[in-house]
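The numbers here are math on the coordinates, done by the rules we state, and not lab data. Here the structure is a predicted model, which is why all the values come from computation and not from measurement. Counting neighbours? That spans all protein chains shown, and the Cβs are built from the backbone with ideal geometry, glycine included.
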Amino acid sequence: MAINVVMPALEMAQETGKLLSWLKKEGDSVAKGEPLLEIETDKAVMEIESPGEGILAGVKVYAGAEVPVGHTIAWIVHPGEIPPAEEAVNVSGRKMTAAAGSAAAQLNQLTSTPHAAQSATTPVKISPKARRLATERRVNLAEIAGSGADGEILASDILAAAESNSTSTISRLMAEHTTQSWTTVPHFFLVREVDAGALNEARRQHGPEIEKACGVKLTHTDLLVALVARALQKHPHMNASWINESVHPNVEINIGIAMAVDDGVVAPVIHHAHKMELAEIATQRRDLTERARSGKLRLADLAGGTFTISNLGMFEVDAFTAIIVRPQAAILAVGAITDRVVPIDGRPGLRPMMTLTLSSDHRVVDGARAAKFLQTLVEAIRNPKKLSRA
């Protein structure tokens with residue numbers, strides 16, 4: 001029986017998705033779990049795997065199409081099987097009849113892959129290695145000016161274009177979504193300084209045993225994920241989302257961790273953080289960091305976040321404010337732990353202090369609720385008992 005390939009939901013409150021490219025051609029054989037297409041997400045370009053084994057058929061949309069979430073965009077069929085007839089979708093995501101969709105699909109294929117039309121009339125001068133790289137990196141030859149003799153496209157031209165495309169796509173997405181959040185979400189900010197002495201001690205206490213057992217170094221971020229998850233259990237409004245003009249409660253606590261990569265910033269998610277041991281959090285954070293830096297984050301790694309932590313302490317940043325990741329209700333910005341002179345029992349003393357800045361969506365929580373959450377978190381940092389379980 002034919003298996004439908006649908007536009008996946010990449011994030012909460014998403015209505016449409018953008019198809020960037022097919023990694024297989026219609027008529028190609030595909031294996032279950034094999035990369036099939038690329039979809040544009042909030043922070044990156046994600047490969048979507050084939051839902052089954054068979055032959056790619058009945059492709060309805062092509063590169064550049066904005067498609068409603070859940071709509072069938074192609075089929076995986078058995079040899080000789082005909083894909084079911086169904087409404088097609090044009091590049092703007094509007095539904096059409098099957099006949100009109102077929103015509104539009106042919107037009108979309110031409111407009112989405114201009115090098116196909118060009119190659120029919122003007123041969124492209126390209127080295128064999130460059131042609132192979134162009135196929136592997138999915139670079140549009142019509143957009144490449146060759147640097148070789150007589151305009152020949154070289155392998156170096158393809159590699160430069162592939163890197164530029166990746167960087168520009170992620171940079172553009174970051175700019176778009178950051179602007180949307182800043183201009184549409186009514187942010188307000190709360191700042192607290194907290195003594196991080198007990199947090200440092202917790203890292204010294206739990207770090208060696210976790211490194212011995214799991215081979216991963218415990219970080220302050222791991223500890224904060226555990227403590228934030230605990231605080232969110234006591235203040236569920238901070239774990240809610242603003243979706244369809246209303247507050248949407250989230251049962252699970254899925255904490256995103258903002259990470260710097262070559263092309264910008266991503267926020268992979270530690271799912272069910274409130275149910276995890278500290279060692280599990282550290283291991284998942286390490287794995288997510290490695291995949292983020294190598295550009296191998298999966299769709300599931302970026303989806304479903306309900307709260308985000310952005311820690312710039314390792315860059316010696318004292319304090320900063322962060323922009324909320326929609327549709328989440330809040331993001332916590334964490335500064336460096338530095339020795340400061342503070343009053344201790346009425347006398348000046350030197351303590352390791354840390355500045356926390358909480359950005360909140362005023363549509364979801366008010367100042368009092370956000371302040372109570374921050375107070376709970378500060379108390380947990382000052383006295384992080386039972387950190388073996390978040």
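General observations
- Pairwise label distance in nanometres, Gln375 with Arg347, each label 7 Å out on the Cα-Cβ vector: 3.0
- Point-charge dipole on Cβ atoms (K/R +1, D/E -1) for segment 215-339, about Cα centre, debye to 20: 300
- Ala155 sits among other residues whose Cβ lies under 10 Å from its own Cβ, and their net charge, with Lys and Arg +1 and Asp and Glu -1, is +2.
- Once the Cβ-Cβ distance of Lys25 and Glu176 is raised to the sixth power relative to R0 = 25 Å, the FRET efficiency obtained is 0.25.
- Contour excess over end-to-end distance, with Cα ends at Glu245 and Asp287 and 0.36 nm allotted per residue: 11.6 nm
- Each other residue within a Cβ distance under 13 Å of Ala329 adds +1 if Lys or Arg and -1 if Asp or Glu, for a net charge of +1.
- Of all DSSP bridge pairs formed entirely within segment 250-350, close to 55 percent run antiparallel.
- HN-Hα J in Hz across segment 301-316 - Karplus 6.51, -1.76, 1.60, θ = phi - 60°, x for Gly and Pro: 5, 9, 9, x, x, 10, 7, 10, 10, 10, 10, 10, x, 5, 9, 6
- A Förster radius of 35 Å combined with the Cβ-Cβ distance from His187 to Ser147 puts the calculated FRET efficiency at roughly 0.15.
- Residues Met314, Met1, Met7, arranged from fewest to most other Cβ atoms within 10 angstrom of their Cβ, appear as Met1, Met314, Met7.
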